[in-house]
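One structure below.
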Amino acid sequence: MSNNSNPNPYRQQDERRRSPDLDDLASSVVNFGVDIGSTVLSSIADALNAVGDSLNGNAPAADNGFVRYRRRLDSRLSNHYGGWMTMGVLGWICFGCFAVAALVMAVLLGVAPGDPALQQGVPVFQVLAPIFSAVTLGFGVMGWQGCHIANYFGRLRRYLRTARDYTVPVRALARDAMIRPEQVEKDLRKAVAEGHYPNACLDRAGETLYLDDTLFHPAQEPVSADAPDHAQNAPVSDREAFRREGAAFLDYLRDCRGALGPEADSELAEMDKTCAAVMGFVFNHPEQLPRLRRFREYYLPTTRKLLDTARGLNGPQTGKAGEIRRDITGILHTLNTAYARLYDTLLQDVSMDVSTEIDTLEAMLSQDGLTHNFESDFGSAGQKGSTKR
């Protein structure tokens, strides 16, 4: 009788121990909800700042072409920002929900063996706990990726709102946006390479952003001190600058041969041939130079940087060094394919022009009574001439 009337002291102690655990779990859930709320409020504040910038004195009073351009580009970037931020917020919300579910399953799985009422659910808990954990991880990656990319587009919008003209010093942009210059330069290079700032470019030193690449004029190469004064002061045309850049790059490719292995040598030889064809064609057709802006300003320097990295691995050939070299050799094949497509694209316009000229010439020949049949065009006249002679 005494055993039935007195509660089990071990069970009371277990319940007292379990109560603080549940309190800690509830506190963790509340803190996680606060973090999500702060992320959402931060995105809302950024959107309100964008609206405020368009309504007050942050924009120039004159509704000039740059203001319209900036407004259109900001609207496009805001679409990217909103989409990725929505993905991030949804990811974190689902992460929180499934994290709570996974924790509950883990807690139930831990206490079920000591609780007869929960013992029958152990197989279910064993299945659901890892499933909820995996789904939680997936939504966590989704939330992080969405917010990370949304923050990138948010910074691009901030840079754009601080710009006052198509030409902007990167240092001034970093100061006005209150972001580290290294981060600003990294974001701008990515925006230019991936087309998030269309028709924009950075100078080689990464010091100036040109939102309109037609305003960018590459710096002239230094002239030897032994050259005549008129040669030092003579301006270098864009066509000549491109010729010099191309010649220097081809010489560099040839210098790399023999240093990276036979497989890389074959890719370098193919790149030498393709790039020489591209550069020769564009040098003879300088009107095509604007189409090679990204080829000149990003692809060639990046290719050279990768080759510099591979050539710099002159120490012990560890597994990591070999892996880096294999990766660089693999991207050389991808670049060769891309450069060949670029050459074909450049030839398309010429092919169309040639076809048009041929059609026009054939039409004029036909109109003048001349065809490709020599006997019908000139046979009678030739016979008369021979008879007369």
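The values are calculated or read from the model by the stated rules, or taken from the named source; none is laboratory data. These numbers were taken from a predicted model, which means no experiment stands behind them. FYI the Cβ positions are ideal-geometry reconstructions off the backbone, even for glycines, and counts take in every protein chain you see. Accessible surface areas use protein heavy atoms only, side chains included; no ligands, DNA or RNA. Shrake-Rupley method; radii C 1.70, N 1.55, O 1.52, S 1.80 Å.
Every listed requirement among (1) under 30 Å from the mean Cα position of the chain (by Cα); (2) at pLDDT 75 or above; (3) open to solvent by less than 80 Å² (accessible area, probe 1.4 Å) is met by residue 349 save one, (2). Pairs linking a residue in segment 264-292 that is within 21 Å of residue 214 (Cα to Cα) to a residue that is outside any helix (DSSP H, G or I), with Cβ atoms under 9 Å and 6 or more positions apart or on different chains, are 286/237.
Listed here are the residues, each with its yes/no results for (1) farther than 19 Å from residue 77 by Cα; (2) of a type outside the set (Gly, Ala, Ser).
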{"site": "104", "(1), (2)": "yes, yes"}
{"site": "110", "(1), (2)": "yes, no"}
{"site": "132", "(1), (2)": "yes, yes"}
{"site": "179", "(1), (2)": "no, yes"}
{"site": "186", "(1), (2)": "no, yes"}
{"site": "199", "(1), (2)": "no, yes"}
{"site": "208", "(1), (2)": "yes, yes"}
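Restricting 260, 289 to those that are within 27 Å of the chain's Cα centre (by Cα) and either modelled with pLDDT of 80 or more or not in a strand (DSSP E or B) (or both) reduces the list to 289.
Each row is one residue, and each column tells you yes or no for (1) within 30 Å of residue 99 (Cα to Cα); (2) among the charged types (D, E, K, R); (3) not in a helix (DSSP H, G or I).
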| position | (1), (2), (3) |
| --- | --- |
| 153 | yes, no, no |
| 157 | no, yes, no |
| 173 | no, no, no |
| 179 | no, no, yes |
| 197 | no, no, yes |
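Among residues of segment 135-184 being open to solvent by less than 50 Å² (accessible area, probe 1.4 Å) and of a type in the set (Ser, Thr, Tyr), the one that is nearest to the chain's Cα centre (by Cα) is 152. Applying the set (1) open to solvent by 30 Å² or more (accessible area, probe 1.4 Å); (2) under 30 Å from residue 167 (Cβ atoms); (3) assigned to a helix (DSSP H, G or I); (4) at pLDDT below 75 to residue 50 leaves exactly one unmet item: (1). Inside segment 111-132, can you point out the residues that are open to solvent by less than 60 Å² (accessible area, probe 1.4 Å) and assigned to a helix (DSSP H, G or I)? The answer is 111, 112, 121, 122, 125, 128, 129, 132. Screening residue 218 with (1) within 24 Å of residue 294 (Cβ to Cβ); (2) modelled with pLDDT under 80; (3) open to solvent by 40 Å² or more (accessible area, probe 1.4 Å) gives one miss only, at (3). Residues in segment 88-110 that are within 19 Å of residue 143 (Cα to Cα) and either β-branched (Val, Ile, Thr) or open to solvent by less than 60 Å² (accessible area, probe 1.4 Å) (or both): 88, 89, 91, 93, 94, 95, 96, 99, 100, 101, 102. Whether any residue in segment 95-104 is farther than 29 Å from residue 153 by Cα and more than 39 Å from the chain's Cα centre (by Cα) is what I want to check. The answer is yes; a qualifying residue exists. Within segment 236-247, residues that are under 13 Å from residue 284 (Cβ atoms) and in contact (Cβ under 8 Å) with a residue 24 or more places away in the chain reach partners that are surrounded by 16 or more Cβ atoms within 10 Å (Cβ to Cβ) and among the charged types (D, E, K, R) with beta carbons closer than 9 Å, at six or more positions or on different chains, in the pairs 242/296; 246/296.
Contact annotation: residue pairs with Cβ atoms under 6 Å, 6 or more positions apart or on different chains, pairing a residue in segment 135-160 that is of a type in the set (Ser, Thr, Tyr) with a partner that is part of a helix (DSSP H, G or I) and open to solvent by 10 Å² or more (accessible area, probe 1.4 Å), are 136/95; 136/98; 136/99; 136/102.
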